[in-house]
DNA sequence: GAGTGGTCTAGACCACGCA
DNA sequence: GCGTGGTCTAGACCACTCT
């Protein structure tokens, strides 16, 4: 049936179309997609082919299906979605999402390392968010977050930044964080770490660097989290 | 069709049967399974149901399918399989598998923390493997690996332990590591770290604790890796 | 050519949520 | 009772591998 080298199976084409439409916001997070039958009719493929694609997108946490109700675009607000990207836990395993404090934001020119991480050209401006994060009311993490100004227009005019920024990216800027690359290393607390986190000189801290990627694969956020390692660990399950 | 609460879909039952058979070694790693058609006939289900299961097991890296050839039990020797559990990289992303040196093994009674991690009862004995791992010929990681003696009989009689232990577990003991839980934290180099890795006092190191799980979900290995953090990072992709 | 997996279709029936 | 997703089937045809 096919001897062209650029062949893509039908389900792959349907997959690409749906991802593109979701990325473009054809359906907003939380909204319902047309039913399997409708999608199949519209795209001129069978029930089973559409189903294969919807199942795959559900496995990737991009869609959410509920029997009897419908298929919905996943929201970053939901607990399970949050835990995909937040891996800080107490020793032993209990995961948690720390609350944010002392949040500051400013716009400034990008630096070389930021342009590399975020694949920016020229001297594009960025927003820099700094914040402390608290566990049980005690400072536990220092975070610096870098965002391209072009993707987050007037971000600094928003009054209160929420604790879970990815919901904000999604709801206010139409950017869904779909994947992330993280690099972890150990370091010694700097003076700023010591004063912000209440550590003694020489204390080791866990440094987590993260590049977050949008649905399109484009890097949209670079973040560095400096974690006090006596109370917290980074927990991950590999399967 | 069904109103019993203990209902499991057909494909789930087929899945469980196949996982159990693979775990029991009905087909050894690298061996071919019966064809889809054969499996469907034997189990009295349709082609499509078998296919759904085989696709799932392939996605979980438990099977490997090759068009025109057949379906095979995955081996831990293969590059891709290795990289599922080895996340050490150079800063920037290039992954690597360090070579092992100064490998020592001894049998001894288990300790409390080891019995917890490995879900051992009583005073079951364990093997303790210690080794250095080298990057570019330089010591970079100190590792301690704890294994239940019961699961790895006469492990200490094996002459040379290979660099990639998981292949050994699979080929010599019939244990396939299918998943792992890891916890990362920062620490300060101990005296032993300093002398083994050539670090100065106070140097920060990255400590990775890992419990490896067999196909059955049973914990089979506990390992702690102490990584010098100036040359190496822990890299992970979340999606 | 025979045997394997890969793609795609058409349709049946069930379980769930809601009006 | 209707519309939704969830399960399962039967069968067609294609692409790949080996002999």
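The values are calculated or read from the model by the stated rules, or taken from the named source; none is laboratory data. Predicted model, so just to flag it, every value in this text is computed and none were measured. Positions of Cβ are generated from backbone atoms using ideal geometry, with glycine treated the same way; all protein chains shown enter the neighbour counts.
Within the range A:169-178, can you find the residues that are within 14 Å of chain B (Cβ to nearest Cβ) and not in a loop (DSSP other than H, G, I, E, B)?
Scanning the range A:169-178 gives A:177, A:178.
Any idea which of B:131, B:121 is modelled with pLDDT under 90, away from DNA strand C (no atom under 14 Å from the Cβ) and away from chain A (no Cβ under 14 Å)?
Testing whether each residue is modelled with pLDDT under 90, away from DNA strand C (no atom under 14 Å from the Cβ) and away from chain A (no Cβ under 14 Å) leaves just B:121.
In the list B:49, B:58, which residue meets the criterion of being within 14 Å of another protein chain (Cβ to nearest Cβ) and away from DNA strand D (no atom under 11 Å from the Cβ)?
B:58
Across the range B:184-199, what is the number of residues that are surrounded by 17 or more Cβ atoms within 10 Å (Cβ to Cβ) and part of a loop (DSSP other than H, G, I, E, B)?
2
Looking for something touching a residue at least 24 places away in the same chain (Cβ under 8 Å) and surrounded by fewer than 18 Cβ atoms within 10 Å (Cβ to Cβ) - is there at least one such residue anywhere in the range B:142-149?
Yes, the conditions are met somewhere in the range B:142-149.
Look through the range B:61-83, keep the residues that are assigned to a loop (DSSP other than H, G, I, E, B) and within 16 Å of DNA strand D (Cβ to nearest atom), and return whichever of them is surrounded by the most Cβ atoms within 10 Å (Cβ to Cβ).
B:69
Within the range A:184-211, restricting attention to residues that are farther than 30 Å from residue A:60 by Cα and facing chain B (nearest Cβ under 7 Å), which residue is farthest from the chain's Cα centre (by Cα)?
Applying the filter and picking the extreme gives A:202.
Output the residues belonging to the range B:19-48 that are more than 11 Å from DNA strand C (Cβ to nearest atom) and part of a helix (DSSP H, G or I).
Kept after step one, since they are more than 11 Å from DNA strand C (Cβ to nearest atom), are these residues of the range B:19-48: B:19-31, B:42-45.
Across the range B:19-48, the qualifying residues are B:19, B:20, B:21, B:22, B:23, B:24, B:42, B:43.
For the range A:212-239, how many residues meet the condition of being at the interface with another protein chain (Cβ under 10 Å from one of its Cβ atoms) and closer than 28 Å to residue A:27 by Cβ?
2
Which numbered condition in (1) assigned to a helix (DSSP H, G or I); (2) out of contact with any helix residue (DSSP H, G or I) (no Cβ under 9 Å at 6 or more places or on another chain); (3) modelled with pLDDT under 95 is the only one that residue A:166 fails?
Single failed check for residue A:166: (2).
Could you say which residue among A:181, A:142 is within 14 Å of chain B (Cβ to nearest Cβ), touching a helix residue (DSSP H, G or I) at 6+ places or on another chain (Cβ under 8 Å) and part of a strand (DSSP E or B)?
Only one candidate passes the filter, namely A:142.
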